[in-house]
Amino acid sequence: KAGVTQTPRYLIKTRGQQVTLSCSPISGHRSVSWYQQTPGQGLQFLFEYFSETQRNKGNFPGRFSGRQFSNSRSEMNVSTLELGDSALYLCASSLGDKNEKLFFGSGTQLSVL
Amino acid sequence: AQRVTQPEKLLSVFKGAPVELKCNYSYSGSPELFWYVQYSRQRLQLLLRHISRESIKGFTADLNKGETSFHLKKPFAQEEDSAMYYCALRHLSNSGTYKYIFGTGTRLKVLA
């Protein structure tokens, strides 16, 4: 069974640009969560989607948005990039609706110059 | 508010020495605690969860509700234990669904 797949692996953008990250969950998993990982802050929760609906949202500004498609694939969009958005963005999927165990992707390393 | 605290950013121990990675939480409800681990160049993955009461790779963690702690322990550290460890709390959110809160992580370095 293929694991959680995130694309692209690396991204370099400049301030003010926007970016879209993609996540394909494990087959059969309906929940997809997004996290921002930085050395100082650890993992910070961005949002979670389940069956195409946003179920939970973290404390990030509206520049961060996401969506989920009918095949459970999810995208995350960041508009008007800032230097502080540089981070590793992780996607995690889980099987049921209780998020009992998270399966993580390798992440997308975003660098904002 | 819910919170997970890992007070140590870096913990260095010698091979064969005991290891304890600290984790404290703040949650008014019934907590579910997890430890996730990220080895070098690998994905973040579940190590163990308190409800399973299991030992994985020699690691154990006991939930202490009185001290609101879920420390990760191993009696004899191995070099392959070197990794980033995250403590996480799974809780019921206001929307009636489950959410995870992660700590800031502790990097464990096991020295030869």
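The values are calculated or read from the model by the stated rules, or taken from the named source; none is laboratory data. This is a predicted model, so every value here is computed, not measured. Ideal geometry is used to build each Cβ from the backbone, glycine not excepted, and the neighbour counts take in all protein chains shown. To get the accessible areas, we keep the full protein, side chains included, count just its heavy atoms, and leave off ligands, DNA and RNA. Shrake-Rupley method; radii C 1.70, N 1.55, O 1.52, S 1.80 Å.
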Leaving out ligands, DNA and RNA, what percent of the accessible area of the protein assembly as shown is carbon and sulfur, probe 1.4 Å?
48
Heavy-atom surface of chain B, accessible at 1.4 Å and reported per residue (Å²):
52
For the protein assembly as shown, the Cα gyration tensor yields equivalent-ellipsoid semi-axes (√(5λ), largest first, whole Å) of 29, 20, 16
Expressed in nanometres to one decimal, the distance between label points 7 Å along Cα→Cβ at residue B:3 and residue A:70 is 4.6
From the cross-link list B:9/B:65; A:13/B:22; A:57/B:109, which pairs have alpha carbons spaced over 31 Å apart?
A:13/B:22; A:57/B:109
For chain A, what is the convex hull volume of the alpha-carbon atoms per residue, in Å³?
93
Let me confirm one metric for peptide B:43-56, namely the mean number of other chain beta-carbon atoms within 10 Å of its residues' beta-carbons.
2
In whole Å, how far is the Cα centre of the range B:3-33 from that of the range B:68-112?
6
Using protein heavy atoms only (no ligands, DNA or RNA), what is the total accessible area buried between A and B, 1.4 Å probe, nearest 100 Å²?
1800
So, by mean Cβ neighbours within 10 angstrom, what's the order for A:27-35, B:39-47 with the highest one leading?
A:27-35, B:39-47
What do the square roots of 5 times the Cα gyration tensor eigenvalues come to for the range B:38-112, in whole Å, largest first, as semi-axes of the equivalent ellipsoid?
25, 16, 11
List, in order, the whole-Hz ³J(HN,Hα) value for each residue of the range A:36-48 obtained from phi through the Karplus relation with A = 6.51, B = -1.76, C = 1.60 and θ = phi - 60°; use x for Gly and Pro.
9, 10, 10, x, x, 9, x, 9, 10, 6, 9, 6, 9
Given contacts defined as C-alpha pairs under 8 Å and at least six residues apart, what's the relative contact order of chain A, whole-number percent?
36
Residue-normalised accessible area of the range A:40-107, expressed per residue, 1.4 Å probe, Å²
42
